[in-house]
1. Failed condition for residue A:241, given (1) touching a helix residue (DSSP H, G or I) at 6+ places or on another chain (Cβ under 8 Å); (2) surrounded by fewer than 24 Cβ atoms within 10 Å (Cβ to Cβ); (3) of a type in the set (Ser, Thr, Tyr), with all others met?
2. Looking only at residues in region A:368-414 that are more than 18 Å from residue B:256 (Cα to Cα), small (Gly, Ala, Ser) and surrounded by fewer than 24 Cβ atoms within 10 Å (Cβ to Cβ), which one is farthest from the other protein chains (Cβ to nearest Cβ)?
3. Which one is farthest from the other protein chains (Cβ to nearest Cβ) among residues in region B:31-63 that are of a type in the set (Val, Ile, Thr) and out of contact with any strand residue (DSSP E or B) (no Cβ under 7 Å at 6 or more places or on another chain)?
4. Does residue B:61 satisfy the condition of being of a type outside the set (A, V, I, L, M) and over 25 Å from residue B:134 (Cβ atoms)?
5. How many residues does region B:161-178 hold that are in contact (Cβ under 8 Å) with a residue 12 or more places away in the chain and either among the basic types (Lys, Arg) or over 17 Å from residue B:96 (Cβ atoms) (or both)?
6. Name the one entry in A:255, A:260 that is within 11 Å of chain B (Cβ to nearest Cβ), more than 26 Å from residue B:384 (Cβ to Cβ), surrounded by fewer than 23 Cβ atoms within 10 Å (Cβ to Cβ) and not basic (Lys, Arg).
7. Looking at region B:1-87, what helices (runs of 4 or more DSSP H) fall wholly within it and have at least 3 residues that are modelled with pLDDT of 90 or more?
Amino acid sequence: MQTADLLPLVLVLAAVAYGFAFMRSRAVAAPLGGIRNLKALPAYYAARAALWCAIPALIILGTWAAFEGKVIQDMVMASLPAELAPQSAGRASLTLSQISNLAAGKLDPSIVPEGISGAATLLQELREQSSQFKTLLVILIAVLGGTFAWTQVAPHINARKSVERTLQRLFFVCAAVAILTTIGIVFSVIFETFRFFEKVPVSEFLFGTSWSPQTALRADQIGSEGAFGIIPLFTGTLMISAIALLIAVPVGLLSAVYLSEYASPMMRSVVKPLLEMLAGVPTVVYGFFAALTVAPFIRDLALALGLEASSQSALAAGLVMGIMIIPFVSSLSDDVINAVPRTLRDGSLALGATQSETMKNVIFPAALPGIMGGILLAASRAIGETMIVVMAAGLAANLTANPLDSVTTVTVQIVTLLTGDQEFDSAKTLAAFALGMMLFIVTLLLNVIALKVVRKYREQYD
Amino acid sequence: MTNPSSQAELVRRSLKRRYRKERRFRFYGVAAISIALFSLVILFTDIISKGYTGFIKTTVTLEVHLDGELMYLNDASDPDQIAMADFQAPIIKALQGYFPQATSRADKRELSRMTGSYASNQVRDLLKENPDWLGSTRTIEFPAHDTVSVYVKHAGDPGYSIRLTEQQQRWTDELLSKGVIDTGFNDVFFSRGDSREPSNAGILGALIGSLLTMGVTLIIAFPVGVAAAVYLEEFAPSNRLTDFIEVNINNLAAVPSIIFGLLGLAVFIGLFGMPRSVPVVGGLVLALMTLPTIIISSRAAIKSVPPSIREAAEGIGASKMQVVLHHVLPLAMPGMLTGSIIGMAQALGETAPLLLIGMVAFIVEIPEGFFSSATVLPVQIFIWAGSAEQGFVELASAGIMVLLAFLITMNAFAIWLRKRLERRW
């Protein structure tokens, strides 16, 4: 049976265990004079049996399903005769897909070498065996667990305590998923990054001024060596983010100020959800808007003014990204402005200051750290934004300061390097992970600083 | 020392200037809000004006005489013959019925480009299903060729270039006036998967892909998120491990989504050997991505349950877990659901991480399960937006409208749920 079918089966077995344990607990309690003489309610004995039935089985099932594919692949590859054993990782993935297509019956066995078709048969066999073993093992463990807990239904055992302890541990495991995710991210980029730095020196990566990740496929091929200098990507990213912040910060901040200080409750209740709608629009929609409406408009405008403009300009991507983060800036500033104590505001107004003077001279300085934190968060969001730049900013890694030129960003390059067919060991693919690591580090630093600033500021007034 | 009256005079004189400043400041605020709202309006009008034609299809309805001789086919139940036959010929013949003078090779080629490139396949499939149709005359509705469709829908629109020859334009006008070429509601768009031909492409495949992916995301992210929130709010001892978990959650909420794509590629595909472009991997990645959002909103919901409820339950002898499961969770559930729906809406619109795990592949079939190749709505929009044929642009905008409709419904539902179920204490 497949994993997708086994999952409901385990749940059904757990339900059965629940039922049996429930009945048994009542039966055990009956001669003692009712369930009041048990240490826990029947439902707890039942739940205990269900947990005993499901948890070990699910753990086995999950582990098996996670590693089954990889182990079988390795076994099949190891079984290939020496002359067919692939030399490079690229060949390996090709051979592997050949074998699996053959096993799935999508390929005619007569057109491939003997060894390959043998491997396909082996693959098929191993898959069947694995599936059988998995099914047997999972059912066996579920039944054993359920039966054990069923025999344990006894008046002196406090099922409630053990159920609650297990649940609490489960809750902890769920909370720990956050740690696992972070660890997963760090490890998934770190290994590939180190392998990348074996091929390309760190100094070239960090300080090189040209980016053209074309590596020769064959040794004798005439072609560029590939240049992996991150500087043009960084300047491109910075330029687009700067344009975005230039739009979003004043607009977002002033909207927040107006909404919190001047607007009537009526206006606030209309405008705020509308602003939040801007935040809810998917980035691919902004990308579409930038690439098909804003970019041609900017190009035509520039041409009308007698300026050279690329059809994929940094300005278009930056403008639209700015629109995207307006609600982000405004809602963060709103929180911060509202957190300034009422007394400061009232004091200033009582001295005769106008509302705008109060805002500029009292509230704003008091809220400044929080607003800076918000801007940092917005910057980190702009740097990590992908779809708008993929669709509107272009691929050419120009080292330029002209916003009408086409530039590329770190995220664009990650997507371009990793979409389509790829090998895991070429410098090109590995470069994407190195870029990912840079992106992760930079955004992490911005976030940590921003959160620290905001927290410190909050504590000041709490 | 200046006397009080001249001081008052000073203030009065400066007042004018200060009030002007006040008005200017107010004006800046109004301008900022106007800019933001104006962008929103432009965005929506742009999408709708580009996309409403995506819901309209252009069809060519012809009386086709399925002449065996013309198609080199004398037995439609023979697969070998079907593979060799020429199904374009009867379509051209039928069109020639309207334009008898179009007989040259060039004319025929132009005629064959009036109907979409899948028209001959359509005839083939019809004959395969009904071999006895051979020799009869049937009324068949074909999708019009992309260029014809653009001409019919967008003639005079500067955003589109008309790629029909003058002769084809004349033909199209004539067929339009005769009602052979017609426009109607684009049912193809809602009943097909992707295609290389805009007139044949639909969004159903991506829609099902999105539903499957969201299903996986919901099944994983909601229980795990709620459980994590319960642990952190109710059970976690205040120690370093708890702090570390909290720091992690806050940072993960701000990690760029594309990084989650790298995680999915390296761990789920690279390490565990899961297949590419399947909803399971997409759902897992999106679940990890939305988890922080769900945890943070669930914690807020748990926090808003007043301590008096907990104390009352504990007072009558409930254990900590009973307090949580029987009292706190049910009361916090509306808030948790609202947060989760908003998180799911985010995940539904997410594109970047799915590009990295291969959900960007060209997939014609409608996905059948969690392990079959699929794409999702936003990725389909991305694919169409980058396609060369003009017809795909309106499909992309139409797809955006479908996606936005889903998002607006989900958010509206979340708001309704909050209004309906949330209690004020």
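The values are calculated or read from the model by the stated rules, or taken from the named source; none is laboratory data. What you see is a predicted model, and the numbers here were worked out from it, not measured in a lab. Cβ coordinates were reconstructed from backbone atoms using ideal geometry, including for glycine residues, and neighbour counts include every protein chain displayed.
1. Here residue A:241 meets the rest and fails (2).
2. My answer is A:401.
3. If we filter region B:31-63 for residues that are of a type in the set (Val, Ile, Thr), which is where we start, we get B:33, B:35, B:41-42, B:45, B:47-48, B:53, B:56, B:58-61.
Subset that is out of contact with any strand residue (DSSP E or B) (no Cβ under 7 Å at 6 or more places or on another chain): B:33, B:35, B:41-42, B:45, B:47-48, B:53.
On the way: B:33: 5, B:35: 5, B:41: 10, B:42: 8, B:45: 10, B:47: 7, B:48: 12, B:53: 14 Å.
So the residue we want is B:53.
4. On the way: of a type outside the set (A, V, I, L, M): yes; over 25 Å from residue B:134 (Cβ atoms): no.
So residue B:61 does not fit the description; no.
5. So the answer is 7.
6. A:260
7. Per the criteria, B:4-51.
Yes or no, residue by residue, for (1) part of a helix (DSSP H, G or I); (2) touching a strand residue (DSSP E or B) at 6+ places or on another chain (Cβ under 8 Å); (3) surrounded by fewer than 20 Cβ atoms within 10 Å (Cβ to Cβ); (4) more than 7 Å from chain B (Cβ to nearest Cβ):
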position: A:143; (1), (2), (3), (4): yes, no, yes, yes
position: A:150; (1), (2), (3), (4): yes, no, no, yes
position: A:154; (1), (2), (3), (4): no, no, yes, yes
position: A:161; (1), (2), (3), (4): yes, no, yes, yes
position: A:165; (1), (2), (3), (4): yes, no, yes, yes
position: A:170; (1), (2), (3), (4): yes, no, yes, no
position: A:185; (1), (2), (3), (4): yes, no, no, no
position: A:190; (1), (2), (3), (4): yes, no, yes, yes
